[in-house]
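Peer 1: Structure provided below as structure tokens; questions to follow.
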């Protein structure tokens, strides 16, 4: 094709392009520009019932008590306001403001029963272009009577209620990987135990696809967390808020369309069964949720049923792989008084015992011992972490030198001196010397990076 022919084709395209665009606008309607925050606020004030007072959800806050959200996913945001009216204290009002073609505005108003609005969400549960509105309300006097309501097409006057159910906790995420949002709901079941239900959208409906009973009471659970369990699986993590138990963790996955609790598998793992499960976080920001567990580490002493308030505990961050095997990814100790944290080298994982020689306002001395059951030797002293008041450090330094202590000053700050005591490895058995169990200078210096003070 010659250059002249190409230019003719381009000329024809340029000639008809405005007509094509005009035709598309006629067929599909003009796109509505996203209204400004001020425009939305002005319309809310115009349509808000007289005497009504705007309210905020308990677990979510919006600027100026106004939620700006693109409900129908057309690029233009709508305004959503929640309010209470003096004449209807047991009702929660919802006002939705939408900008239409030609600069006109539409309002949709609805009422939900309840004393308080606990939480709100807009999620794509059914696969429609328009998001579903989820309202979580609380009624007095018990404050335990919580209801979740799910509405489809909230911009339509003829909106439809997909679900209304009493619940204890609820969370949203993509459990099966189909790019639609799933809802997992906890509700009280038989004998005061919680039941987990999985709700998924199908043909413009929200259906309960599976449920399972849990050995948990409502008082033990405060919320649910969706997160990546491994590279392929998403899971629902259920942190315990009360009644902390060793090895007690509930992680729900979806296998062959059925909910599965990994608790029976994971609670038997050595890395977990002797630890208190504290919570779940993505500590390294890699997209995989780690389990935070703590354990007491006092060599030769009987463990108490629960950790003491000011007791020094070892923190373990644990991942679950695709075969439901657990692995330690990080382990550290934190001084509860002076708020520093020391991350263990991998060679120490699950082999460290702690003793405190002192812990009071002006002084903290912590000794770390390495113990491997495969060796017949007693625990080896591998590191001491001390904190002194700066005015006491001169005398302490003199004492260290008199007894031949191998020490290194880590940091001086805020009137405190942080000191590391290192072992004399010449007294160790040869096989343990070769293992290089004592921290290197580089590892001790890393404490500078993890030192945290309030």
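Peer 1: Out of all the residues in region 324-341, which are loosely packed, with under 15 Cβ neighbours inside 10 Å, more than 22 Å from residue 382 (Cβ to Cβ) and touching a strand residue (DSSP E or B) at 6+ places or on another chain (Cβ under 7 Å)?
Peer 2: Within region 324-341, just 327 meets the criteria.
Peer 1: Having 1 or more residues that are within 16 Å of residue 312 (Cβ to Cβ) is the bar; report the strands (runs of 3 or more DSSP E) wholly within region 335-433 that clear it.
Peer 2: 341-343, 352-360, 363-370, 380-389, 416-422
Peer 1: Which condition number in (1) crowded, with 19+ Cβ neighbours inside 10 Å; (2) touching a residue at least 24 places away in the same chain (Cβ under 8 Å) is the one that residue 188 fails?
Peer 2: (1)
Peer 1: Please go through region 81-128 and give me each residue that is closer than 30 Å to residue 198 by Cα, without any contact (Cβ under 8 Å) to a residue 40 or more places away in the chain, out of contact with any helix residue (DSSP H, G or I) (no Cβ under 9 Å at 6 or more places or on another chain) and part of a strand (DSSP E or B), ordered by number.
Peer 2: 91, 111, 112, 113
Values quoted throughout were computed directly from the atomic coordinates according to the rules given, and no laboratory measurement underlies them. Computed from a predicted model, the values in this text were never measured in an experiment. Please note: Cβ atoms are built from the backbone with ideal geometry, for glycine as well, and neighbour counts cover all protein chains shown.
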